[in-house]
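Structure, as structure tokens:
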Amino acid sequence: MTLILGIETSCDETAAAVVQNGRQIHSTVVASQADLHAPYGGVFPEVASRAHVEVISAVVQQAMQEADASYDDLLAVAVTRGPGLAGSLLVGVNFAKGLAFGRKLPLVGVNHLEGHVYSLWLTEAGDSLEFPVLALIVSGGHTELVLMRGHGIYEHLGGTQDDAAGEAFDKVARLLELGYPGGPAIQKAAAGGRDSAYDFPQARTASPYDFSFSGLKTAVLREVTVQPRKRGEERDAPLRPNLRVPDVAASFQKAVVEALVEKTLKAAADHGATAILIAGGVSANRLLRAEMRNRAQVPVFYPPLHLCTDNAAMIAAAGFFRYMQGQRDDLAMDVQPMWPLQNLPAMAGPAMAGVEEVS
Ligand code: KG4
Ligand code: ZN
């Protein structure tokens, strides 16, 4: 059997999954800490790592049970090594090390962003993709436009100059008192609003493939709060009375989606991409999915909702492809809280062909 156990603890989800051939999910378990962090309007790192410690053992056991797998069935243990919160990453990495050592299994460290990209290989899209494809990775910590020329070969075309797209959703949701996580909350509020109510600006960026969302956040802040007497005091100012929150949410969501779609389509056309992949938590956004599909000249693929946000199936999938390329890590493997996708060792093409043959 070609089962990989994936483990993911880079942020506020403790997750484990068992995946066959990097493509078929046998189990995927996600314990979300969202409720724990909700009072803070964002992830509280110290709280996150301790919560991972409390549940990781049960989450891994549940994934193994639901897959009806024993440790002897496993090809390897794949774990998110970064990017992410150092303390959170350490919990997953050390758990995976213990398991690999105790059960004499190979250990494979996986880049979380590569995991998001490989969530598409857990869907039918993985049957037909031909390189180069353009990947837009949009999450709470990242907004990256990456040209994928082959398995594991990434050319970084652009990214955010300030806030990530998901971070912008989270910050504006906090401002509008809509709760955490902000993306789903804004999407829900926006459904009842007019997206033309406010004309929020598109940021200018040095490169056509870069993004900037902090100006948009400030523009929202100015529109929705009572004007303070002194400049710079907007942050503590109360919301305007009679503010129509759904209108703000809809106009803000449209502005973010517009920036993401425009730049992605330009990058896809400029680089001859055969398809566009959207991955990461923000790829759950309905407007983003619809706009990208409606306007793209090439097929657009995104994962089902439960594979958009953080999960371990995507880590097991990427881990499988890395394993097939011969990657083996040892107990000296450290976490990499800052780990750009473009610094990964390439996965050269030929060994990928072997994927189907292993059984
Ligand atoms: O990939 P992810 O689960 O975690 C990170 O790696 O960061 O992404 C979480 C982010 C959060 O910022 C959340 O607000 C956003 O994804 N998100 C959404 C939606 N669902 C989750 N943003 C917009 N619309 C959504 N429906
Ligand atoms: Zn993520």
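The values are calculated or read from the model by the stated rules, or taken from the named source; none is laboratory data. For clarity, every value in this text was computed on a predicted model and none was experimentally measured. As a convention, Cβ positions derive from the backbone with ideal geometry for all residues, glycine included, and neighbour counts pool all protein chains shown.
Given the criteria assigned by TED's automatic domain parsing to the domain that holds Asp247, more than 19 Å from Pro83 (Cα to Cα), surrounded by 17 or more Cβ atoms within 10 Å (Cβ to Cβ) and at pLDDT below 95, does Tyr198 qualify? Spelling it out, it is not the case that Tyr198 is assigned by TED's automatic domain parsing to the domain that holds Asp247, more than 19 Å from Pro83 (Cα to Cα), surrounded by 17 or more Cβ atoms within 10 Å (Cβ to Cβ) and at pLDDT below 95. The set of residues in region 293-339 being closer than 18 Å to Ala125 by Cα, in contact (Cβ under 8 Å) with a residue 60 or more places away in the chain and of a type in the set (A, V, I, L, M, F, W, C) consists of Phe301, Leu307, Cys308, Ala313, Met314, Ile315, Ala316, Ala317, Ala318, Phe320, Phe321. Residues in region 90-128 that are over 24 Å from Pro337 (Cβ atoms) and surrounded by fewer than 18 Cβ atoms within 10 Å (Cβ to Cβ): Gly102, Arg103, Lys104, Thr123, Glu124, Gly126, Asp127, Ser128.
Against the conditions (1) farther than 19 Å from Asn285 by Cα; (2) out of contact with any strand residue (DSSP E or B) (no Cβ under 7 Å at 6 or more places or on another chain); (3) surrounded by 18 or more Cβ atoms within 10 Å (Cβ to Cβ), Ala190 satisfies every one except (1). Being within 26 Å of Ser32 (Cα to Cα) and crowded, with 20+ Cβ neighbours inside 10 Å is the requirement here; does Gly152 meet it? Judged against the criteria, Gly152 is not a match.
Note on region 287-300: residues that are buried (at least 16 other Cβ atoms within 10 Å of the Cβ) and over 17 Å from Ala269 (Cβ atoms) total 3. Among the candidates Pro350, Pro303, the residue that is modelled with pLDDT under 95 and either assigned by TED's automatic domain parsing to the domain that holds Ala76 or within 13 Å of ligand 1 (Cβ to nearest atom) (or both) is uniquely Pro350. When Asp68, Asp163, Asp127, Asp72 are checked against the criterion of being touching a His at 6+ places or on another chain (Cβ under 8 Å) and of a type in the set (Asp, Glu), Asp68 stands alone in meeting it. The residues listed here are Glu167, Glu177; of these, the one that is assigned by TED's automatic domain parsing to the domain that holds Asn242 and within 18 Å of the chain's Cα centre (by Cα) is Glu167. In summary, no strands (runs of 3 or more DSSP E) completely within region 1-74 bear 1 or more residues that are touching a strand residue (DSSP E or B) at 6+ places or on another chain (Cβ under 7 Å) and of a type in the set (Phe, Trp, Tyr). Criterion first (among the aliphatic types (A, V, I, L, M), within 30 Å of Ser251 (Cβ to Cβ) and surrounded by fewer than 23 Cβ atoms within 10 Å (Cβ to Cβ)) does Leu136 satisfy it? Considered against the rule, which asks whether it is among the aliphatic types (A, V, I, L, M), within 30 Å of Ser251 (Cβ to Cβ) and surrounded by fewer than 23 Cβ atoms within 10 Å (Cβ to Cβ), Leu136 comes out as no.
Can you confirm whether Thr274 is part of a loop (DSSP other than H, G, I, E, B) and surrounded by 14 or more Cβ atoms within 10 Å (Cβ to Cβ)? Judged against the criteria, Thr274 is a match. Look at region 20-35: where a residue is hydrophobic (A, V, I, L, M, F, W, C) and a partner is surrounded by fewer than 19 Cβ atoms within 10 Å (Cβ to Cβ), sitting 6+ places away or on another chain with Cβ atoms under 6 Å, you get Val29/Gln62; Ala31/Val55.
If you go through region 231-278 and keep only what is under 30 Å from Arg149 (Cα atoms) and touching a Gly at 6+ places or on another chain (Cβ under 9 Å), you end up with Lys263, Ala267.
On inspection, Asn285 does not qualify as out of contact with any Asp or Glu (no Cβ under 9 Å at 6 or more places or on another chain) and more than 16 Å from ligand 2 (Cβ to nearest atom). Against the numbered list (1) surrounded by 24 or more Cβ atoms within 10 Å (Cβ to Cβ); (2) within 13 Å of ligand 1 (Cβ to nearest atom); (3) among the small types (Gly, Ala, Ser), Gly82 comes up short only at (1).
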